[in-house]
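Structure record follows, encoded as structure tokens.
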Amino acid sequence: MIINIKTKLYFVSLSIFIVLIDQFTKYLMFYNKKLFINKDFLLFKLDFVKNYGAAFNIFSGSRVFLSLISIFFSILVIYLIFRKNTLNSFDLYSYSFILGGTIGNGIDRIYRGFVVDFINLNIINFPVFNIADISINIGFIILLYNIFKNNR
């Protein structure tokens, strides 16, 4: 399906919205730790963790490398959105969520030297994460769904 530029700009604006929400929540946690840390909610509590690595803290201490990876993947996803003409809405949603999350965590890495994580699941022992991480995972779930749906 051929997607016009206006539709593609809508999906890029979705990515920008995700970045804004991600950065706003991290700002609140970073500058108001005492208000939010250890607040319990139904399924999670708020914590404050400086993540110097990637998912599950892999490549910890590799700020430059991870920053370059964030920039590379952001450029790649923007390229896919604007240059690939056979995208469907699942592709665009998945790319938008992945792009928003990648830029959100990339900003942290470049600006702070670490990623601010703050969502801690009470129900299972799982690494602390943030809105950008959720966005990236949603994007990959949509992408996998689309791949399996199209390969039937």
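The values are calculated or read from the model by the stated rules, or taken from the named source; none is laboratory data. This one's a predicted model, so the numbers in the text were calculated from it and none came from an experiment. FYI the Cβ positions are ideal-geometry reconstructions off the backbone, even for glycines, and counts take in every protein chain you see.
Could you identify the single residue in Asn38, Asn51 that is surrounded by 17 or more Cβ atoms within 10 Å (Cβ to Cβ) and in contact with a strand residue (DSSP E or B) (Cβ under 9 Å, 6 or more places away or on another chain)? Explain how you work it out, then say what you get.
Values: Asn38 fails: surrounded by 17 or more Cβ atoms within 10 Å (Cβ to Cβ).
Just one listed residue meets the conditions, Asn51.
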- Pairs only if they're at least six apart or on different chains, beta carbon under 7 angstrom, first in segment 133-152 and of a type in the set (Asp, Glu), second assigned to a helix (DSSP H, G or I); list them, first residue then second. Asp133/Gly101
- Note on the structure: Residues in segment 120-135 that are touching a Phe, Trp or Tyr at 6+ places or on another chain (Cβ under 7 Å) and either part of a helix (DSSP H, G or I) or at pLDDT 95 or above (or both) total 2
- Note on the structure: Checked against (1) free of Cβ contacts under 8 Å to residues at least 60 places away in the same chain; (2) touching a strand residue (DSSP E or B) at 6+ places or on another chain (Cβ under 8 Å), Phe44 satisfies every condition except (1)
- Query: Which of the residues belonging to segment 17-36 are of a type in the set (A, V, I, L, M), touching a residue at least 12 places away in the same chain (Cβ under 8 Å) and farther than 19 Å from Gly100 by Cβ?
  - Reply: none
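Kindly check whether there is at least one residue in segment 57-77 that is touching an Asp or Glu at 6+ places or on another chain (Cβ under 7 Å) and touching a residue at least 12 places away in the same chain (Cβ under 8 Å). I'd like the intermediate steps shown before the answer.
So in segment 57-77, the residues touching an Asp or Glu at 6+ places or on another chain (Cβ under 7 Å) come out as none.
The answer is no, given that none of the residues of segment 57-77 is touching an Asp or Glu at 6+ places or on another chain (Cβ under 7 Å) and touching a residue at least 12 places away in the same chain (Cβ under 8 Å).
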- Item | Test: Lys6 is surrounded by fewer than 17 Cβ atoms within 10 Å (Cβ to Cβ), over 24 Å from Gly139 (Cα atoms) and modelled with pLDDT under 90 | no
- Test for Phe90: is it more than 24 Å from Lys8 (Cβ to Cβ), surrounded by fewer than 21 Cβ atoms within 10 Å (Cβ to Cβ) and in contact (Cβ under 8 Å) with a residue 24 or more places away in the chain: no
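Quick one: is Ile3 touching a residue at least 60 places away in the same chain (Cβ under 8 Å), in a loop (DSSP other than H, G, I, E, B) and of a type in the set (Val, Ile, Thr)? Lay out the reasoning, then the answer.
Working: touching a residue at least 60 places away in the same chain (Cβ under 8 Å): yes; in a loop (DSSP other than H, G, I, E, B): yes; of a type in the set (Val, Ile, Thr): yes.
It is true that Ile3 is touching a residue at least 60 places away in the same chain (Cβ under 8 Å), in a loop (DSSP other than H, G, I, E, B) and of a type in the set (Val, Ile, Thr).
Does segment 62-81 include one or more residues that are assigned to a loop (DSSP other than H, G, I, E, B), over 18 Å from the mean Cα position of the chain (by Cα) and within 27 Å of Ile124 (Cα to Cα)? Let's see the steps before the verdict.
From segment 62-81, those assigned to a loop (DSSP other than H, G, I, E, B) are 62; that's our starting set.
Next, only the ones that are over 18 Å from the mean Cα position of the chain (by Cα) stay: 62.
Subsequent filtering for residues that are within 27 Å of Ile124 (Cα to Cα) retains none.
No, every residue in segment 62-81 fails to be assigned to a loop (DSSP other than H, G, I, E, B), over 18 Å from the mean Cα position of the chain (by Cα) and within 27 Å of Ile124 (Cα to Cα).
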- Message: Condition first: modelled with pLDDT under 90, crowded, with 18+ Cβ neighbours inside 10 Å, in a helix (DSSP H, G or I) and not hydroxyl-bearing (Ser, Thr, Tyr). Can you find one or more residues in segment 20-35 that meet it?
- Response: no
- Does segment 92-111 contain at least one residue that is touching a strand residue (DSSP E or B) at 6+ places or on another chain (Cβ under 9 Å), in a loop (DSSP other than H, G, I, E, B) and within 26 Å of Lys33 (Cα to Cα)? no
- Message: Can you tell me which condition Thr86 does not meet? The list is (1) closer than 30 Å to Asn146 by Cβ; (2) out of contact with any Phe, Trp or Tyr (no Cβ under 7 Å at 6 or more places or on another chain); (3) not in a loop (DSSP other than H, G, I, E, B), and all the others hold.
- Response: (3)
